[in-house]
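K.L.:
Sharing a structure, written as structure tokens. Questions coming.
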Amino acid sequence: MSEKITLRVKANGSIRVTGMVDFVDENGTVLETRTDFSLCRCGHSQTKPFCDGAHRAAGFQAPAYQPEVSE
Ligand code: FES
């Protein structure tokens, strides 16, 4: 049984991942395992898929994740 991973989509910034994650290739081979890191969602990072803070200089703006609520 694996532990639960948390993704926090930050306003005007990255996606913070809390927990241990395996990065795998298209065959499922584990390439790397990381714990607690941030993923880029602005497209400006020089270290994709990870955030390097470039979103600040780029003026990236996007809301934090808000689930759609059906009525
Ligand atoms: S979200 Fe931080 S560099 Fe893209």
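K.L.:
Got at least one residue in the range 33-40 being modelled with pLDDT under 95 and of a type in the set (Gly, Ala, Ser)? Spell out the reasoning first.
P.N.:
Kept after step one, since they are modelled with pLDDT under 95, are these residues of the range 33-40: none.
No, because not a single residue in the range 33-40 is modelled with pLDDT under 95 and of a type in the set (Gly, Ala, Ser).
K.L.:
I would also like to ask the following. Determine whether the range 7-22 contains at least one residue that is away from the ligand (no atom under 14 Å from the Cβ), open to solvent by 70 Å² or more (accessible area, probe 1.4 Å) and over 12 Å from the mean Cα position of the chain (by Cα).
P.N.:
So far as the range 7-22 goes, yes, one or more of its residues are away from the ligand (no atom under 14 Å from the Cβ), open to solvent by 70 Å² or more (accessible area, probe 1.4 Å) and over 12 Å from the mean Cα position of the chain (by Cα).
K.L.:
Continuing with the same structure: Every residue in the range 30-58 that is open to solvent by less than 50 Å² (accessible area, probe 1.4 Å) and over 12 Å from Ile15 (Cβ atoms), please.
P.N.:
Within the range 30-58, Gly43, Gly53, Ala54, Ala58 meet the criteria.
K.L.:
Looking at (1) part of a loop (DSSP other than H, G, I, E, B); (2) away from the ligand (no atom under 16 Å from the Cβ), can you tell me which one Thr35 breaks?
P.N.:
Only one criterion is unmet by Thr35, namely (1).
K.L.:
Only one of these is of a type in the set (Lys, Arg) and in contact with a Lys or Arg (Cβ under 7 Å, 6 or more places away or on another chain): Lys4, Lys10. Name it.
P.N.:
Values: Lys4 fails: in contact with a Lys or Arg (Cβ under 7 Å, 6 or more places away or on another chain).
Every option except Lys10 fails the conditions.
K.L.:
Separate question: So is Gln61 more than 9 Å from the ligand (Cβ to nearest atom) and touching a residue at least 12 places away in the same chain (Cβ under 8 Å) or not?
P.N.:
Values: more than 9 Å from the ligand (Cβ to nearest atom): yes; touching a residue at least 12 places away in the same chain (Cβ under 8 Å): yes.
In short, yes.
The values are calculated or read from the model by the stated rules, or taken from the named source; none is laboratory data. None of these values were measured; they are calculated from a predicted model. All Cβ positions, glycine included, derive from the backbone under ideal geometry; neighbour counts span all protein chains shown. Please note that ligands, DNA and RNA were not included when accessible areas were found on the heavy atoms of the full protein model with its side chains. Shrake-Rupley method; radii C 1.70, N 1.55, O 1.52, S 1.80 Å.
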